[in-house]
């Protein structure tokens, strides 16, 4: 389950980067308004899935609330998904 969460984390983080650095500039600089609702909806669904899966994994792995909050904020801040993936990869390697 942790490996699936790592994959979802990277996909969700990628959707945030696409929204912020591709869709938003297209909307405000090139007046392409239809991209943001599409990418925004996809990102929103991925973010909700990320939050639900983070709660499930946190209960399975017995994470502290502080660790879960770090995981939560990794879904909010751009590029933090890559740091989270590195942390979870180490945790996955020690669990085997």
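Some observations on this one:
- By the Kirkwood approach, averaging reciprocal distances over each pair of separate Cα atoms, the range 39-96 gets a hydrodynamic radius of 12.1 Å.
- The range 2-95, relative contact order [Cα under 8 Å, separation at least 6], %: 40
- 222 nm mean residue ellipticity, helices alone, for the chain (DSSP H n ≥ 4; -39,500 (n - 2.57); rounded to 500): -26000 deg cm²/dmol
- Inverse mean reciprocal Cα-Cα distance (Kirkwood Rh) of the range 1-44, Å: 11.0
- If R0 is taken as 41 Å, the Cβ-Cβ distance between residue 31 and residue 68 corresponds to a FRET efficiency of 0.50.
- Label-to-label distance for residue 89 and residue 77 is 1.9 nm, based on points extended 7 Å past Cα in the beta-carbon direction.
- Entry for the range 1-74 at q = 0.20, 0.27 Å⁻¹: log10 I(q)/I(0) = -0.80, -1.15, Debye formula applied to identical alpha-carbon scatterers, no solvent contribution.
Bear in mind that the values in this text are calculations on the coordinates, not laboratory data. On a predicted model such as this, the values are computed, not experimentally measured, just so you know. Using ideal geometry, Cβ is built from the backbone for each residue, glycine included, and neighbour counts are taken over all protein chains shown.
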